[in-house]
Amino acid sequence: MRRALRTIVPVVLAAAGSLFSVGAAAANASSAARISGHARRSVAVRWTACRGHAGFRCAWIPVPIDYAQPTLGTIKLAVVMLPATSRHPVGDLFINPGGPGASGVDFLEQSGSDYPAALRAKFNLVSWDPRGIERSDPVLCVNANEMRALTQITPQPATAAQVAQVVRATKQFVADCEAHTSRLLLENVGTRATAEDLDRLRADLGQAKLDYLGFSYGTYLGEVYAQRYPTHIRAMVLDGAVDPSLTTIAKDRQQALGFEVDLHAFFRWCDADKTCHQRLPDGAEVSYDKLMAKFATGWTESAYFLPKFGGTQPVTLGVALEGVISTLYSNLAWPDLGLAIDRGLHGSGDLLAELAYSYEGLQVNGTFTNEQEANVAINCLDSPVPMTLSSYETLAKQFAALAPDFGASEAWGTLTCAYWPFAAQAKPGPIHAPGTPTILVVGSTEDPATPYGWAEAVASQLDNAVLLTRAGTGHTGYFSSSCIRRYVDQYLATLALPPAHTVCPSD
C-alpha cells in the first residue's frame, strides 16, 4: 500500500469518536447506508461541546457526495474547532495534517496546545476529517488482523513466490475495499472533491476568505484549492510541499532517496551520541545492516502484546522496515530507533512492532484507524500509475540501486493502484494559480517524505509565492523550528512575509 505523507507531530490515536459521541461515530460505520437524502447547503453550523475534551467544539457539516451530481445525496464531515483565546480573532485557520488519510479531528485534539499563544489568540483553529477518513464516511477495507497480516508481508519481494504473494494480497485488499465501501464513495474521495469540501466549510463557517495551514499532503490539497479558488484565499501556508508536476513514480523515487538520506543521518547521530553508541557499539550502520540482513532471509522475531493488541505477533522484514520508517519523520524519534535496533539484535521485536503498528494507525482498543485504507483510495484517484506487473519489477530493481534500504518497497508500494477499480481523476502538472495572494511555502533541507526540491519547485511554479527554508532533518518545519513558527504566525496574522531567501535553523 502507499505510504502516507504525514506531518511530524506524533498522533497517538484514541478510539474513534473521542471528540464526537461514540454513537455518532458508530452511525457513520456503513458507507452504503450513510449516503442518502439530497445535497443541501448548510445555513447554520450547530457547534456543540466536544465529548471528553474541554474547550473544543464539534459539528457535523453536510456536503454533496458528488458535486457534479448533487442529487445523489450527502455525506457529513466531522469538524472540530479550538476557539481563539481573544475576543476578536482574525478568523478561522483551517489546518490539514497530511496523509492523505490522517484525521484532522485527532490531529487538532492532540496538537492544539502546541501552537504558540499568539496564534491561538488570533485564530480559531479548525480542522476536519476529510471525506473517506475516520468519522467522515470512512473508506473501509480490512479488519485489524488483516491489517497486521498485510504489514507482515515482505515489502521487497525478490522471488517469484514472494511476488505472487504480494500480488494476491494486493488484489484481495482491493476486493475487500470494494466489498466494504460503496462504489459511490470510492469514486468521490479524491483531492478535487476535498478541495470543494474545504470551500464549502469556509463558506459555512462564515469566512469571506480562507486562512489555511497545510502540512505534507495537506499542501497538495492547498494547491488544488488555490487553482480552483484563487480569489477565495486570504493567507495560505504550504509546509512540506508536494510537487504536483511529478509523476507518482518520480515522487516514489525521490521519497526513497529522502528516507535513505535521513537513515544515514541517524547513523551519524547515533555513533556520536553516547547513549545510542553504547547500545550499538559496533556502529549504527553495521548493527542496522546486520539486523535487516537477518530479516531479509525470512527470519522473524516475536512481539508480545496484550490480547487487545492482537496477542503475540511475528516481526518480519515488513514490520521492521515500517517501524524504521516511522522514526525518520523526526529526529526526536531517533533514540527509539537506536533502542529498537538494539532490542532486535537481542531477540525482541516488541519496539519495532509497536513503532510499525502505531504508524499504521493502531489504536488503544486494538483496532486500526482507516488511514492506510483512505490513503490508498485517495492516492489512486489523484495520480495515474504504471499498470503492468513487469513495470513494478523493473522499478523495484532501479529504485533499489539508488536507495538500497527503501527503494524496492517504495516501488512496490504503488502496486495497489494498478488494480484499483477507478481510474485516476487527475494528471501531474505544475501549479500556477494566478490570482492568489502571496502563498508562503515552507521546505526543510533534509525532509525525507517531501524533499526540499519539491518546495523549491512549488514556490517557483506558483505565480505568487515565497519560499521559507528550514535547515535540518525531519518532515515539515513548523513544529521543528521556533524561527519557522515566528515567520509563519506573523504571515498568517498580518500577511507580512519573511525576507527573501530566509533560512531558519531547527530547534
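Things to note:
- Residue in the stretch 203-214 that is assigned by TED's automatic domain parsing to the domain that holds residue 436, farther than 18 Å from residue 101 by Cβ and in a helix (DSSP H, G or I) present: yes
- Unique match (being touching a residue at least 40 places away in the same chain (Cβ under 8 Å) and farther than 29 Å from residue 439 by Cβ) among 274, 290, 294: 290
- Scope the stretch 76-99; condition within 22 Å of the chain's Cα centre (by Cα) and of a type in the set (Val, Ile, Thr); matching residues: 79, 80, 95
- Residues of the stretch 65-82 classified as more than 22 Å from residue 47 (Cβ to Cβ) and either in contact with a Ser or Thr (Cβ under 9 Å, 6 or more places away or on another chain) or not aromatic (Phe, Trp, Tyr) (or both), total: 8
- Among the conditions (1) in contact with a helix residue (DSSP H, G or I) (Cβ under 6 Å, 6 or more places away or on another chain); (2) assigned to a helix (DSSP H, G or I); (3) closer than 27 Å to residue 149 by Cβ, the only one that residue 266 does not satisfy is (3).
- Residue in the stretch 107-120 that is touching a Leu at 6+ places or on another chain (Cβ under 7 Å), touching a residue at least 60 places away in the same chain (Cβ under 8 Å) and of a type in the set (Phe, Trp, Tyr) present: no
- Near pairs, Cβ below 9 angstrom, 6+ apart or cross-chain, from the stretch 184-201 (surrounded by 19 or more Cβ atoms within 10 Å (Cβ to Cβ)) to any residue that is part of a loop (DSSP other than H, G, I, E, B) and of a type in the set (Asp, Glu): 185/137; 188/66; 189/137; 193/66
- Test: residue in the stretch 226-237 that is under 18 Å from the mean Cα position of the chain (by Cα), surrounded by 22 or more Cβ atoms within 10 Å (Cβ to Cβ) and at pLDDT 95 or above: yes
- Some residue of the stretch 379-398 being under 18 Å from the mean Cα position of the chain (by Cα), under 14 Å from residue 258 (Cα atoms) and outside any loop (DSSP other than H, G, I, E, B): no
- Those helices (runs of 4 or more DSSP H) of the stretch 308-367 in which at least 3 residues are closer than 22 Å to residue 156 by Cα and in contact with a strand residue (DSSP E or B) (Cβ under 8 Å, 6 or more places away or on another chain), considering only elements entirely within it, cover 350-360.
- Some residue of the stretch 479-497 being surrounded by fewer than 18 Cβ atoms within 10 Å (Cβ to Cβ) and closer than 25 Å to residue 255 by Cα: no
- Output for the stretch 125-171, where each listed residue is crowded, with 17+ Cβ neighbours inside 10 Å, under 28 Å from residue 352 (Cβ atoms) and polar (S, T, N, Q): 151, 152, 154, 156, 170
The values are calculated or read from the model by the stated rules, or taken from the named source; none is laboratory data. Only a predicted model underlies this, so the values are computations on that prediction, with no experimental measurement involved. Reconstructed Cβ throughout: ideal geometry from the backbone, glycine too, with neighbour counts over all protein chains shown.
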